[in-house]
Amino acid sequence: MTHHKIVLAVALLFIIPITSMAGTIDVMIKGRDDGIKTNKQQDYKEALMNAKLEAIERAGVKISSMTKIVNFEAKYDVVRSKAEAVLLPGFTVMDIGYQSDGTYLVVLSGKVRSGKAANPKVNIPQTLYQKWKAGKLTYQTSQNTGGNPGNSGGTTEYTTWKNGKKVNTTYVNTTQNYVSNRDLQGKSFDQLMFEAFEAYENEAYAYAERVFSHASRSRPGNVEANVWSVKSEYQNILKSRGEADAKQEALSSLGNYVRSKPNNHVLKELEERIQKDVNPDSFSVEAYRLFEEGVAAYRKRDYSNARTILEQSLKADPYNVDAWIRLGVTAYKSTEGDKKTRQQAKLKIYEQGLSYNPNSDNLLKRIEALKN
């Protein structure tokens, strides 16, 4: 058994629940590994993971789709992240060691939050992967061209298709090997995205970042993979080192993607979002595409349809200031009534946008102008 363990062993656990202060439970949990001896560090890690998993379950928190996360390190990261939300500071872990039956034993003691206090998140009706699959507007094919004018070495040609028609072709220098990601070799792009979305959804951001980053390198022309790689990196660093470092590192990685695709509006928008100190977790490629579709409908003077599309975009991502401004203008055009009535419709939308973007000078100026 290596760090790529696939089986998440069921821990042999003994729970002693004692009623404590409101919203907490005192527990003492014995966690064991699966009994397949590898090395002390790895077996201890598995035993501790199983103990924390039981603590999470005792708190009433469900971890979605754990059985679909096949990589041990990813599972460990998921459990560790969830445990941070339910285990109160001060818990202890006793390292008992190997037992006569060959299992490795640890004992975790402390308090866990229980009930709603431990599980504040609303269940997501669809997984991120399902949403991504349902919302994909483009797909790509590639072939090795063996070199292209202006590039040295091997080159991969990426052709983007939309609605059955070729949209554009890009040439990207092919990276030959990713030695640090041997466990990801041989997986298809969709498999990588599935695994990374599962990890991100379970707040295992370190693993999600690694897999999304690998997906980006395997298919450099895919903007979704670029965006999610940056989002995962930001969330991972935010948890461990804080907002300033998360912003700096995410912008550095994003800069590499922007340089390779300097005219991509999605990446530029994400860059501006992070520069303005907005957590990119809310950023959605599909929401931005809807924004662009709404703008296109507006330019065709299809104001009713434009308004519907823009509202859908903002429902998914309310931090797009340009979308709020465009929706306000669209509301003015599509609202029936006199000028004052239409201006009030616009004002209401700008004020709603300001509630999500309180530091937006663009919205503040427009609101002030409408009130004067």
With 114, 64 as the choices, which residue is modelled with pLDDT under 85, within 25 Å of the chain's Cα centre (by Cα) and at negative phi? 64
In this structure, is residue 212 modelled with pLDDT of 90 or more, crowded, with 22+ Cβ neighbours inside 10 Å and either of a type outside the set (Lys, Arg) or closer than 21 Å to residue 277 by Cβ (or both)? yes
Quickly run through segment 294-343 and pick out the residues that are at pLDDT 90 or above, part of a helix (DSSP H, G or I) and of a type in the set (Lys, Arg). 299, 307, 326, 333, 339, 340, 342
If we ask which residues in segment 320-367 are without any contact (Cβ under 8 Å) to a residue 12 or more places away in the chain and touching a helix residue (DSSP H, G or I) at 6+ places or on another chain (Cβ under 6 Å), their number turns out to be 2
Take segment 242-293 and flag every residue that is surrounded by fewer than 20 Cβ atoms within 10 Å (Cβ to Cβ), in a helix (DSSP H, G or I) and of a type in the set (Gly, Ala, Ser). 244, 252, 253, 255, 260, 282
Segment 195-241, residues that are of a type in the set (Asp, Glu) and part of a helix (DSSP H, G or I): 195, 198, 201, 209, 224, 233
In the list 357, 320, which residue meets the criterion of being within 30 Å of residue 233 (Cβ to Cβ), in contact with a Ser or Thr (Cβ under 8 Å, 6 or more places away or on another chain), surrounded by 17 or more Cβ atoms within 10 Å (Cβ to Cβ) and not assigned by TED's automatic domain parsing to the domain that holds residue 238? 320
Report yes if some residue within segment 39-56 is in a loop (DSSP other than H, G, I, E, B) and modelled with pLDDT of 85 or more; otherwise report no. yes
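The values are calculated or read from the model by the stated rules, or taken from the named source; none is laboratory data. Since the structure is predicted, the reported quantities are computational estimates derived from the model, not experimental observations. For neighbour counting, all protein chains shown are included, and Cβ atoms are generated from backbone atoms with ideal geometry for every residue, glycine included.
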